[in-house]
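This report refers to the structure that appears directly beneath it.
The values are calculated or read from the model by the stated rules, or taken from the named source; none is laboratory data. Being a predicted model, the structure only gives us computed values, none of them experimental. Cβ placement follows ideal geometry from the backbone for every residue including glycine, while neighbour counts extend to all protein chains displayed. To get the accessible areas, we keep the full protein, side chains included, count just its heavy atoms, and leave off ligands, DNA and RNA. Shrake-Rupley method; radii C 1.70, N 1.55, O 1.52, S 1.80 Å.
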Amino acid sequence: MPRLIAFRIAQAIPVMFVVAVLTFLLMHMLPGDPATLIAGDMADQDAIAQVRRDLGLDRPVLAQLWLWITNLAQGDFGKSLMLNQPVAEAVWERLPVTLSLALVAFVITIPVGIVLGVVAAVWRDTWVDSAVMFLALIGVSVPNFWIAILSVILFSVTLGWLPSSGYVPMGTDFWRWLASLIQPATVLALFQIGYLARMTRSAMLDVLDQDYIRTARAKGVSPRKTILKHAFRNTLMQVVTVSGYILSLLIGGSVVIEQIFAMPGIGRLLVQAIMARDYPVVQGTMLMLGFAFVFINIVIDLIYAYVDPRVRYD
Amino acid sequence: MKDTTDPAVPIIRVRNLRRDFKVGARGRGRGVLRAVNDASFDVMPGETLGVVGESGSGKSTIGRMLVGLLPASGGEIELFGETITGPLGKRALARVRHRLQFVFQDPHAAMNPRMRISDIIAEPIDIQGGWSRKARADRVSELLDLVGLSAQFADRFPHEFSGGQRQRIVIARALALDPDFIVCDEAVAALDVSMQAQVINLLMDLQDRLGLSYLFIAHDLAVVRAVSTRIAVLYAGEIVELSGKSALYEDPRHPYTQALLAAIPRPEVGVRKPPIRGEVPSMLNRPAGCALCPRCPSAFDRCKTEAPALREVAPGHSVACHLYDGA
Amino acid sequence: MTDATVPPAAARAPLSPGAARRRILMRRLWRHRSFRLGAVILLVIVLMALAAPLLSNGEPTKMNLRARFAPPSADFIFGADNFGRDIFTRVLYGARISLWIGFASAMLAAAGGALVGLASAWYRRLDGVIMRIMDALLAFPAILLAIGINAALGPQVSSVIIALAAAYVPRMARIVRAAALVVRELDYVDAARVSGASAGRIIFRHILPNCLAPLIVSLTFVFAYAILAEAALSFLGIGPPPPQPSWGNIIAEGRDYSVEAWWIMLFPGLAISLAALGTNLLGDGLRDVLDPRLKIEA
Amino acid sequence: MLQVENLSVDFRVDSGWIRSVDEVSFALDAQSTLGIVGESGSGKSVTALSILRLHARRNTRMTGRIVFDGEDLLAMPERRLHEMRGRDIAMIFQDPMHSLNPVLTIGDQIGETLRIHQGLNRAAAEKAAAGLLDMVRIPDAKRRVTDFPHQLSGGMRQRVMIAMAIACRPRLLIADEPTTALDVTVQAQILDLLRDLREEIGMAVILISHDLGLVAEFAERVLVMYAGELVEDAPARNIFEAPAHPYSEGLLKAIPSADVDMHRLYAIPGRIPDPGDRPPGCNFAPRCALAQPACSATPPALDTLAPGHRIRCPVRLAAREPAA
């Protein structure tokens, strides 16, 4: 196991490097001259040239890339133009909001999605299956920002049950934190629940088709136990592999949801930065999120290696 | 080219052939698995060399190396006088490729399901190029006829055929460029008994009519006996016995060959010898001595430390076993 | 040797075998309930988008201050927005842009993914490098990557297409690669190699045609995702720029009036949902018939 | 002990129902061995799976009776069937790799049978599992119980399957192509083991295989199946020395032998009919050298040729009648 961990981390380093290069290149495809933008509309040629020198934009691309990478290695993600604050700091401040939102959504998604998928598979081709799969299909077909608006109209404006916007840190008050998250997180989870339910159902049907299920039946294992013990464990194995993907989708989706519920998270920062053309922030945010996913994938791989005996032993 | 074939000169010469595979999942220890070790044999014009062995014996690996599907890790393969191993091997292989063909085990996987039978059979022709449409179509009909199928099948797709018919189509494709040598890798193993007999008979008829040589790879000793002239028995990547057909079955020398023959289920009622114990070992950690040693009923001390070499014990009959060192 | 009897399956098909095969496939697809429903929904939406000038007033950007916030009525069946523009007209014209973006980006993603996946599966030496790059791209959720690329390229329809395509290329590449890795080990590929076939012939004649099923199935799912993602991008204000209507930006514009003039955002949202639903249904049918082993992943 | 009467099995396909097993009847005494031989599509495995009702319930239709110890297995409620599966009747399958659950230890999987049917607790079941592994001659059994299936070789996995099947000392063991996926030498070991265990436990065994030699060596009685029908039912010795049905005869002649040189094999012409497209009369008639016009018109019935020897061939039956 330690060897596997070391190997996975070693494997992640080139990926992180490529992530860094990609974000760099992305920002270099920008139309227009960042220096002009940064210096402002009123700046004269000298001021622009000064900014260019300051940012190293007058140097060759490879030298800039090198500078970017070495800065990164030292934890320097650049400086925000609009916030007048280091990017790392700006992201760090907003991280708890996005993480809270994504994790609460994740905690909702996993059990609900799996249970729905298993139920549909077990009652295959009955009205239960049709109903569950229809709901799942709705989940993956309806845009979540639209549902979010409808949900706010219903639960916040009309019924007044839940706050329509804002975020309360967990440290302030746990219950208010949860209340502020429950609506956005549920809306955010809808798509993933549908996705996971569909995925679990097909994985489960696949497993139920396997020879070892027939073996279990042949030795007199009850149908309930066949499903819970023999089929479910093998299904779970396949679900673990997509859970990282689901978490990644949730964080991606939170960009939109944060807008609607006015939550001060990374997504909101990113959109604001794009509107204000605050490129260092866009670049830095993308990069940090990219790193986060590389990390999530390592964790998922290790969990998988732990739960699957075929990988655990060799 | 065919006319130049001298019946006394081998068309295939294999010397000290070796193949290693790197194994092990990423992020774990890697090891080297020697699938074929120090194999040497010849194939004469018009003969069938049977290659028998259990799974992991390296028999398929040898077949694949002979037609260039796998590069050799060491040793030498000479086909029709061209050495296809080594630095100039690729060029040499290109020169003799049209004289070689391969017939696969699984007739379902051996044909692209999206191609018509005519295009499947004519694939070697299309790759070679330079045939007119008419010549190509005529050749396809001729080949279908040769393998006992109706020419009207040319426009159909593979899924419309049964296993036995598919194997005939695969054979027709192999014959497209009129090869001299065909590797048959478990060519009848996937077929039902009644189809198996039909395909074996077809292969033998074709050999008689076209003067083909075969390398016939199989795990079934009875099938190998039916088709082969000479037979090589493989165990754990090594040739342990090589001899003419009758000598091998009537007078098997190697303990492994004896065990294989004894293990064949036979209808006769009576007391059987207990079967050889154990299973083929992982070739990842090849023992220092004879690979069969841990399972061999006749093993003695020397077998543990020293690997036996293949040596001739009677004319045309070679065995790799210390039991016959005195002889 | 008397095996030369005509197989019964063929004997019953009077058409040429290729056509018969396609017909059987179409019949099986059509018998699939989801496929049928999805196909009908999509067809209706596409036809309505194409016939937009005939079905509506034909002027999606025409303002009419007297009709501001007009609720759904006989004149404005979906109501009118804050500039008095007819929502029905805007939704129909928005369909043109949204569907085009979804279709174009899914096709581009499929083409790019197929090339990358095939290259990766066939040239094993490149595989490591290509897959590391794909892993890096996969490290970003598709929507984030699209946001980043779109921010870089500026707000135009073409940049949304490129951004979405790029975001889904790695996923398509993985699917094609996985399928191609299976096919490349099949005997018919070896048979071609024994006969000396070139890499091009093997890849495009043998491997690609036999990877089409998962490619087509994921293509439909990506089309659905792309419609949703385009709407999200437009909603965030980084999609095709107004006043051109797209389903996403109609919702974005209606958002401020969502309580008082709910119709502005309700109908485009329904349109998106219906289009995605239809596509997903279609995809489910295709998957069940073409490639039942494929897990939903894209 | 086991009486199969007019068993038919149909499967649903795109275009309707297809008959896989057609009116098969046979009986099996306690502690006896029965072999079922046939080529692919003959319905031999489907017959075997029907005894334990292991087909997927959807898309399958079974008619007839399968009486075990006076009870009809086909009419039995599911719950009662669960009690019998693994306890009275056990089964092993062709592919030991996929027939074992990859995420459970072999000790757990073997012990499960005992926990279900004998109410053993986990620890006792695990201990018993070690004993069973010993019984199927897996060396170092105590340590092996915590292994997972992928850590074992093919032969070892099949031994684990057997250990699982004999855990409750069943009265009937159904072995469906148990050695097809294994090497020749391992096949011989497994057959040896099955033979010994059969005697030790005193169970009846049904061995299903495509390999006539294998079945003949193992079983006292042999059923030959062709295209879903039983065509011959005879003592193993008769099948080999004097096969009566032309199909059995052809099959026997088509098998190459490792003991004699043959230049040309006998080949049965033609091919097995598709299940949806069987001929109106005798299924074998289109391939049969003895076929007469009547054979292609009406399906022949299974009839007694000699005591304990039934065949489905009117030509052969007619020829022997005067002698009998």
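Per residue, how big is the convex hull around the C-alpha atoms of the stretch D:1-148? Give it to me in cubic angstrom, could you?
On the way: hull volume 22.2 nm³, N = 148.
About 150 Å³ per residue, rounded to a whole number.
Would you mind giving the three semi-axes, in whole Å and largest first, of the ellipsoid equivalent to chain B according to its Cα gyration tensor?
Working: eigenvalues 256, 102, 78 Å².
The answer is 36, 23, 20 Å, longest axis first.
If you look at just the Cα atoms of the stretch A:87-313, how large are its Rg and its Dmax in Å?
20.1, 67
Send over the semi-axes of the stretch A:112-214's equivalent ellipsoid, whole angstrom and largest first, taken as the square roots of 5 times the C-alpha gyration tensor eigenvalues.
Details: eigenvalues 237, 50, 20 Å².
Equivalent-ellipsoid dimensions as semi-axes: 34, 16, 10 Å.
Mind listing the Cα extents of the stretch A:121-170 along all three principal axes, in Å, largest one first?
The Cα atoms of the stretch A:121-170 stretch 43, 25, 19 Å along their principal axes.
5 Å is the cut-off here: which amide hydrogens, built 1.01 Å from N in the peptide plane, fall below it relative to B:GLY50, excluding neighbours closer than 5 in sequence?
The list, which skips near neighbours in sequence, is B:PHE216, B:THR229, B:ARG230, B:ILE231, B:ALA232.
Tell me the Kirkwood hydrodynamic radius of chain C in angstroms, computed as one over the mean inverse distance between distinct C-alpha pairs. Kindly include the intermediate steps, with their values, before the conclusion.
On the way: mean 1/r = 0.0468 Å⁻¹.
Roughly 21.4 Å, rounded to one decimal.
Using the Kirkwood radius over Cα pairs, work out the Stokes-Einstein diffusion coefficient for the stretch B:34-121 at 10 °C and 1.306 mPa s, in µm²/s as a whole number.
Working: Rh = 14.9 Å.
Answer, rounded: 106 µm²/s.
What is the magnitude of the charge dipole of the stretch B:12-235 about its Cα centre, with +1 placed on the Cβ of each Lys and Arg, -1 on the Cβ of each Asp and Glu, and no other charges, expressed in debye to the nearest 20? Don't jump to the answer; show the numbers that get you there.
Numbers: 29 positive and 25 negative charges, 200 e Å.
With only Lys, Arg, Asp and Glu charged at Cβ, the dipole is about 960 debye.
To the nearest whole number, what is the average tally of beta carbon atoms from other chains within 10 Å of the beta carbons of peptide B:195-204? If you can, show how the numbers build up before the last one.
On the way: counts 8, 6, 11, 10, 3, 6, 7, 3, 0, 3.
For this peptide, the per-residue mean of nearby foreign Cβ atoms is 6.
Can you give the angle from 0 to 90° between the axis of helix D:184-201 and the longest principal axis of chain D, with both taken from C-alpha atoms, to the nearest 10?
Taking Cα atoms only, the helix is inclined about 80 degrees.
Please go through the residue pairs B:LYS22/B:LYS59; B:LYS59/B:LYS273; B:LYS59/B:LYS245 and name each one whose alpha carbons sit more than 21 Å apart in this structure.
Working: B:LYS22/B:LYS59 18 Å; B:LYS59/B:LYS273 27 Å; B:LYS59/B:LYS245 18 Å.
In this structure, B:LYS59/B:LYS273 exceed 21 Å between Cα atoms.
So how compact is chain D: Cα radius of gyration and Dmax in angstrom?
Expressed in Å, the Cα Rg and Dmax of chain D come to 20.8, 67.
Which stretch or stretches of the stretch D:3-22 have amide N atoms under 13 Å from the point lying 7 Å from D:MET76's Cα along the Cα→Cβ direction?
Output list for this probe position: D:3.
What translational D, rounded to a whole number of µm²/s, comes out for the protein assembly as shown from Stokes-Einstein when the hydrodynamic radius is the Kirkwood one over Cα pairs, at 37 °C and 0.692 mPa s? All intermediate terms of the calculation are to be shown ahead of the outcome.
Working: Rh = 34.8 Å.
Once the numbers are plugged in, D ends up at 94 µm²/s.
Taking loop as defined by DSSP and a crowding limit of 12 other beta carbons within 10 Å, which trypsin sites (Lys or Arg not before Pro) in the stretch A:168-241 fit? Spell out each step's value before the answer.
Details: sites: A:ARG176, A:ARG198, A:ARG201, A:ARG214, A:ARG217, A:LYS219, A:ARG224, A:LYS225, A:LYS229, A:ARG233; in loops: A:LYS219.
Passing both the DSSP loop test and the Cβ count: no residue.
Among bridges DSSP assigns within the stretch B:12-235, what percent are antiparallel (round to 5)? Before the final figure, lay out the partial values.
Numbers: 16 of 34 bridges.
Given both bridge residues lie in the stretch B:12-235, the antiparallel proportion sits at roughly 45 percent.
With no solvent and one point on each alpha carbon, what is the Debye value of log10 I(q)/I(0) for the stretch B:157-278 at q = 0.19, 0.21 Å⁻¹?
-1.13, -1.26
Project the alpha carbons of the stretch B:99-218 onto their principal axes and report the range along each, largest first, in whole Å.
Dimensions of the stretch B:99-218 along the principal axes of its Cα atoms: 38, 31, 21 Å.
Given the C-alpha centroids of the stretch A:205-271 and the stretch D:133-190, what is the distance between them in whole angstrom?
With the stretch A:205-271 and the stretch D:133-190 each reduced to a Cα centre, they are spaced 34 Å.
Can you run phi through the Karplus equation (6.51, -1.76, 1.60; θ = phi - 60°) for the stretch D:295-304 and list ³J(HN,Hα) in whole Hz, with x for Gly and Pro?
4, 7, 9, 10, x, x, 9, 7, 9, 7
Enumerate the calculated ³J(HN,Hα) couplings along the stretch B:48-57 in order (Karplus 6.51 cos²θ - 1.76 cosθ + 1.60, θ = phi - 60°), each rounded to whole Hz, writing x wherever the residue is Gly or Pro.
Ordered by residue, 3J(HN,Hα) equals 10, 9, x, 10, 10, x, 8, 4, x, 7 Hz.
Using the Cα centre as the reference, give the magnitude of the dipole from point charges on the C-beta atoms of the stretch B:161-211 (Lys, Arg: +1; Asp, Glu: -1; all else neutral), rounded to the nearest 20 debye.
Details: 4 positive and 7 negative charges, 42 e Å.
Charge dipole, the stretch B:161-211, about its Cα centre: 200 debye, nearest 20.
Could you tell me which of C:ALA136, D:THR105, C:SER56 has its Cα farthest along the dipole of the protein assembly as shown towards the positive end, charges placed at Cβ (Lys, Arg +1; Asp, Glu -1), taken about the Cα centre?
Ranked along the dipole, the leading option is C:SER56.
For the stretch C:126-138, in order, what is each residue's ³J(HN,Hα) by Karplus, 6.51 cos²θ - 1.76 cosθ + 1.60 with θ = phi - 60°, in whole Hz (x at glycine and Pro)?
3J(HN,Hα) across the stretch C:126-138, in whole Hz: 7, 3, x, 5, 4, 5, 5, 5, 5, 4, 5, 5, 5.
Which one of B:PHE80, B:GLY68, B:ALA110 is farthest out on the positive end of the charge dipole of the stretch B:68-118, using unit charges on Cβ (Lys, Arg +1; Asp, Glu -1) and the Cα centre as origin?
B:ALA110
Compute, for the protein assembly as shown, the length of the dipole vector about the Cα centre, with Cβ point charges of +1 (Lys, Arg) and -1 (Asp, Glu) only. Units Debye, rounded to 20.
On the way: 128 positive and 116 negative charges, 202 e Å.
Magnitude of the dipole: close to 980 debye.
Residues with amide H under 5 Å of D:ILE206's amide H, sequence separation 5 or more or different chain, H placed in the peptide plane at 1.01 Å from N; which?
Amide H neighbours of D:ILE206: D:LEU34, D:LEU173, D:ILE174, D:ALA175.
Which of the listed residues, C:ALA192, C:TYR257, C:PRO245, is farthest toward the dipole's positive end in the stretch C:175-259, when Lys, Arg count +1 and Asp, Glu count -1 at the beta-carbon?
The residue sitting most towards the positive pole is C:ALA192.
Compute the long axis of helix A:2-28 from its Cα atoms, compare it with the longest principal axis of the Cα atoms of chain A, and write down the angle in degrees, 0 to 90, nearest 10.
Rounded to the nearest ten degrees, it is 50.
Report A:THR158's accessible area, 1.4 Å probe, all protein chains in place, as a number in Å² to the nearest 10.
Approximately 100 Å² for this residue.
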